[in-house]
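This report refers to the structure that appears directly beneath it.
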Amino acid sequence: MSRGDVWPSVNGNVEPGKVYLVGAGPGDAELLTLKAWRLIQQADAVVYDRLVGDDILAMIGLGVERYYVGKARGHHSVPQAEIGALLVRLASEGKSVVRLKGGDPAVFARMGEELAALADHDVPAEIVPGITAASAAAATMGVPLTDRGHAQQLRFITAQQCREDGEPDWQALARRDETLIFYMGLSKVGLICQRLREAGLPDDWPIMLVANASLAEQRSLTGTLADMAEQLAATPLPSPCLIMVGSVVSACATSPARQVMGAVR
């Protein structure tokens, strides 16, 4: 049997004048989807974010135009409106465009704003999902995001206040039968722990921080709502960092699937 008999087809084509909103995954290049890999090789232009690593950028095809529009906390190198305008301009020039975003483009990645900009100019688009940081962090730490004995629901929450009335409903979040995932919350760990305790979760409720999930430089802290802020102050973690709250975190200590600095423990 030849490889072609078992290997999935990756022979699709890109369309001129179209924008592909593509998830680059959590960082590990091997977690990139085959479709994402094909598109970044075939596109005429790739517009990419700060969280897209060098291993994935190295896959971009020869002669493909590159545009860096990365954003860091407290410093937006390119305003969102300009990113939308860039995508529209490139597509209007008849180019096939990959908008490459870390994680999944539909999870806290401003995809909606970019789709709106494209829609305003009748630019066709396609969404290519990627592995989001929550899935990667849980996998590398060897824990389930949900489990029948722990969590019947899962919530993804941005720690950034997007609107004036954007404070989370802490009472609704303080449940013992769910897993909470906070994105972009490294600077607010103390506040998150405080608010969840005030809303009714116990001091010893499990919490885990995972930085650079899926990469060789991944680091993590596991503790409780009562002690995590102190732990983080003593052992700072870099951004990006994901915050997982829930009893599923307790499985981390004994999980045979837990990976430590790229090795399985």
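The values are calculated or read from the model by the stated rules, or taken from the named source; none is laboratory data. Not measured: the values here are computed from a predicted model. FYI the Cβ positions are ideal-geometry reconstructions off the backbone, even for glycines, and counts take in every protein chain you see. Accessible surface areas use protein heavy atoms only, side chains included; no ligands, DNA or RNA. Shrake-Rupley method; radii C 1.70, N 1.55, O 1.52, S 1.80 Å.
Longest span of the chain, sites excluded, free of GluC sites (Glu not before Pro) in DSSP loop with at most 12 other C-beta atoms within 10 Å? Let's see the in-between values first.
On the way: sites that count: E93, E164, E217.
Formally, the longest exposed-site-free interval is 1-92.
In order along segment 127-138, the Karplus-derived 3J(HN,Hα) couplings, from 6.51 cos²θ - 1.76 cosθ + 1.60 at θ = phi - 60°, round to 9, 10, x, x, 6, 7, 4, 4, 5, 5, 5, 5 Hz, and Gly and Pro are given as x. The local environment of K101, defined by Cβ-Cβ distances under 15 Å, has a net charge of +1 under the rule Lys, Arg +1 and Asp, Glu -1. In summary, the convex hull built on the alpha carbon positions of segment 68-144 has an orientation-averaged projected area of 6.1 nm².
Looking at segment 174-211, the trypsin sites (Lys or Arg not before Pro) that sit in a DSSP loop and have at most 16 other Cβ atoms within 10 Å of their own Cβ are R176. Helical runs (DSSP H, four residues minimum) scored at -39500 (n - 2.57) apiece and divided by the length of the chain put the mean residue ellipticity at 222 nm at -7000 deg cm²/dmol. Expressed as a whole percent, the accessible area of segment 39-111 that falls on carbon and sulfur atoms is 51 (1.4 Å probe). Please work out whether segment 1-159 counts as rounded, prolate or oblate from its C-alpha gyration tensor, where a ≥ b ≥ c are the square roots of the eigenvalues and a/c under 1.5 means rounded, while otherwise a/b larger than b/c means prolate and anything else oblate? The shape class here is oblate. For segment 29-75, rounded, prolate or oblate, judged on the Cα gyration tensor with a ≥ b ≥ c (square roots of eigenvalues), a/c < 1.5 rounded, else prolate if a/b > b/c? Note, shape of segment 29-75 comes out oblate.
Solvent-accessible surface of segment 129-265, averaged per residue with a 1.4 angstrom probe and all protein chains in place: 49 square angstrom. Distances between placed amide hydrogens fall under 5 Å for Y20 paired with V97, V98, R99, E126, all partners being 5 or more residues away or on another chain. For K71, the aspartates and glutamates whose Cα falls under 14 Å of its own Cα, not counting residues fewer than eight places away in the same chain, are D49, E82.
Taking only the C-alpha atoms of the chain, the Rg (one decimal) and the largest Cα-Cα distance, Dmax (whole number), read 19.9, 62 Å.
Our analysis of segment 101-188 gives Rg over Rh at 1.03, with the two radii drawn from alpha carbon positions and Rh computed by the Kirkwood formula.
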